[in-house]
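In what follows, a single structure is set out as structure tokens and then discussed.
The values are calculated or read from the model by the stated rules, or taken from the named source; none is laboratory data. All of these numbers come straight from a predicted model, not from anything done at the bench. Neighbour counts are summed over all protein chains in view; Cβ atoms, including those assigned to glycine, are modelled from backbone coordinates with ideal geometry. Side chains included, ligands, DNA and RNA excluded: accessible areas come from the protein's heavy atoms. Shrake-Rupley method; radii C 1.70, N 1.55, O 1.52, S 1.80 Å.
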Amino acid sequence: MKHFTLHKQNLKHIPFLMPGLAGVLIFILIPFIDSVRRSFCAAITGEFIGFHNFSIIFENEAFTLAVKNTVLFTVVCLPLLIIISFFISYALCKLKYIRLIKSILLFPLAVPTATLVFVWYILFDDAGYINSVIIGCGGEKISFLHSMAAFWVLTGSYIWKNLGYTVLLWLTGIMNISVSLTDAAKVDGANERQCLFCIILPNLKPTLYTITIISFLNSFKVFREAYLVAGSYPHDSIYLLQHLFNNWFVNMELDKMAAAAVCVFGVVFLAIVLLQRVWDKES
Amino acid sequence: MKKLRTVILYFIFMLISFVTVYPVILVILLSVQDSDELAEMTSSLIQFTGEYVDIHYIPQYPTLSHFIDLLIFTPEFYTVFWNSLLMTGIILVFQLLVAVPSAWAFASFRFKGKKLLFNMYVIFMLMPFQVTMLSQYIVLDKIQLMNTRWSVILPAIFSTFSVFLIYRGFADIPRDIADSARTDGANEWQVLRYIGLPLGKHGILSCLVLSFLDYWNMVEQPLAFINDKSKFPLSLYLPMLDMSNAELMLTSSVITLVPAVFVFITGQDYLEQGIISSSLKE
């Protein structure tokens, strides 16, 4: 009898879970496994060719360029965003009237990328407003969209868009550290810097884990800005993996896409597992 | 000394805030300038003659006539706007219908493989679109939905991110409350309806706000799966216009912005909660 109720208990979740799970299986998991299989097969004949597709993409110039740019972008943007947003939140929690500031910082999250395409041109074109200001101040004209500067414009727009998100996460993390902890330290004679480095920062590790992963995920969405402003083939410095996937898709080079998707999956998966390991060890 | 620091900090934040809203204010200001003023500004963008763009922050002859042109004489704009509204609306409704029960299953039942399954949901929630792009295409092509609005809608309905967010709201509900309803004879659907929904409301609403803002701005999916320009959402329509059409571009930019700002302002508390509960660890 006892065994029976236990068994019944075990099936109750099925009607709740099934519709969603079926969709996830049909649209995400099963086809993903299929694309893993495809990555080891020839595109047309479908016969097994081992790692041939992988060796092709790694010799592909566009792929190496896109990987290089995407890695560079991530390595530059993530630390920059995380550090800037931390300083902002640390300063914010010293102030009283922060509600409005928080709202303003979050606002870019609501602004559709397409809305700003026009302003991008006005500001960053070779004959644009920023160049007019630079020249007015006696500087040299900068080609923002057709040189290495494009990389920094993209970095800037990524930080502009995601600053509010990360500031909010940091703020919550800082506010969650109990005041009694920092107060006790202050009574014991700790100065502000000691408080920051010995109490606040060590307690923020879980927050850092979340922020790193979410910002990494969002860093792939800069494709929207890059694509809407500069199209399928932007300047070399901002030709990202996302562009490449898109162009391969347009040309129906599905075998390469499969191999590259498996690689990106592997890297993201490893990064998540690794971060989680580090975090678990620390706590 | 401390006071001075506070003043300086507020001043710095004023600067940061200004930079943050500047581009949006610029779109709105430019959208009420009259055609001549706009043409003067964009002329050097179209053909560079040595003159640089100059922005008039105070419009010489402010006018709303471009908005009237757009809303009355540009039927194609309605098609595109309707596409965006339709796609986002359908996605949100069905996403809730699917994700709420799934989240409830994860939050209130114990079953074999739950942890593994949940971790799988989280992993796919964290994958960029490019990883699942090919997979989605394979399915959409098989069921012949490519180049229809459904090609964008269907995969989005089963987003695992919304399950995760709503799960977070449900997980905060104390177990005792649901258990006492069960001992009083409520079945699981009733527990979800009368306990889960009201108490987990904030998770559901924050999922709605975050999803709306993301799907209203969706670029990757329609770009890959829709060829037919008459099925494009706003986010792909705007960049198709060119500089000589500045009035149309600016006014449709502003109109695109309106629903997003509306949702942002009314749902700001839920947006903040949603962001906070997207934390992977407590």
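At-a-glance table
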| item | result |
| --- | --- |
| Among residues of the stretch A:80-113, those that are more than 7 Å from chain B (Cβ to nearest Cβ), at pLDDT below 90 and open to solvent by less than 30 Å² (accessible area, probe 1.4 Å), counted | 1 |
| Cβ-Cβ under 7 Å pairs, at least 6 apart or on other chains, the stretch A:144-158 side open to solvent by less than 20 Å² (accessible area, probe 1.4 Å), far side part of a helix (DSSP H, G or I) and of a type in the set (Asp, Glu) | A:LEU154/A:GLU225; A:SER157/A:GLU225 |
| Meets criteria (within 9 Å of chain A (Cβ to nearest Cβ) and more than 19 Å from the chain's Cα centre (by Cα)) for B:SER102 | yes |
| Residue within the stretch A:189-204 that is on the phi > 0 side of the Ramachandran plot, modelled with pLDDT under 85 and not basic (Lys, Arg) present | yes |
| Residue in the stretch A:234-252 that is out of contact with any Leu (no Cβ under 8 Å at 6 or more places or on another chain), facing chain B (nearest Cβ under 10 Å), more than 21 Å from B:ILE138 (Cβ to Cβ) and modelled with pLDDT under 90 present | no |
| Spans of helices (runs of 4 or more DSSP H) in the stretch B:182-251 with at least 1 residues open to solvent by 60 Å² or more (accessible area, probe 1.4 Å) and of a type outside the set (S, T, N, Q) | B:188-191, B:201-216 |
| Qualifying position, being under 25 Å from B:PHE11 (Cα atoms), aliphatic (A, V, I, L, M) and in contact with a Ser or Thr (Cβ under 6 Å, 6 or more places away or on another chain), among A:ILE82, A:ILE104, A:ILE130 | A:ILE104 |
| Scan of the stretch B:125-141 for residues that are facing chain A (nearest Cβ under 9 Å) and out of contact with any Lys or Arg (no Cβ under 9 Å at 6 or more places or on another chain), ordered by number | B:MET125, B:LEU126, B:MET127, B:GLN130, B:VAL131, B:THR132, B:MET133, B:SER135, B:GLN136, B:TYR137, B:VAL139, B:LEU140 |
| Breaking point among (1) in contact with a Ser or Thr (Cβ under 6 Å, 6 or more places away or on another chain); (2) on the phi > 0 side of the Ramachandran plot; (3) not aliphatic (A, V, I, L, M), for A:THR166 | (2) |
| Qualifying residue in the stretch A:114-128 (condition: within 27 Å of A:ALA261 (Cβ to Cβ), touching a helix residue (DSSP H, G or I) at 6+ places or on another chain (Cβ under 8 Å) and not polar (S, T, N, Q)) | yes |
| Hits in the stretch B:108-147 (condition: outside any helix (DSSP H, G or I) and either open to solvent by 40 Å² or more (accessible area, probe 1.4 Å) or among the acidic types (Asp, Glu) (or both)) | B:ARG110, B:LYS112, B:GLY113, B:ILE143, B:GLN144, B:MET146, B:ASN147 |
| Residues that are more than 9 Å from every other protein chain (Cβ to nearest Cβ) and either open to solvent by less than 30 Å² (accessible area, probe 1.4 Å) or at pLDDT 95 or above (or both), drawn from the stretch B:23-38 | B:SER31, B:GLN33, B:GLU37, B:LEU38 |
| Filter pass, B:TYR61 being within 12 Å of another protein chain (Cβ to nearest Cβ) and in a loop (DSSP other than H, G, I, E, B) | no |
| Selected residue (only one of B:LEU165, B:LEU96 is surrounded by fewer than 21 Cβ atoms within 10 Å (Cβ to Cβ), touching a residue at least 60 places away in the same chain (Cβ under 8 Å) and part of a helix (DSSP H, G or I)) | B:LEU96 |
| Odd one out for A:ARG193, checked against (1) of a type in the set (Lys, Arg); (2) surrounded by 20 or more Cβ atoms within 10 Å (Cβ to Cβ); (3) more than 9 Å from chain B (Cβ to nearest Cβ) | (2) |
| Yes/no for B:ILE255 being part of a helix (DSSP H, G or I) and within 10 Å of another protein chain (Cβ to nearest Cβ) | yes |
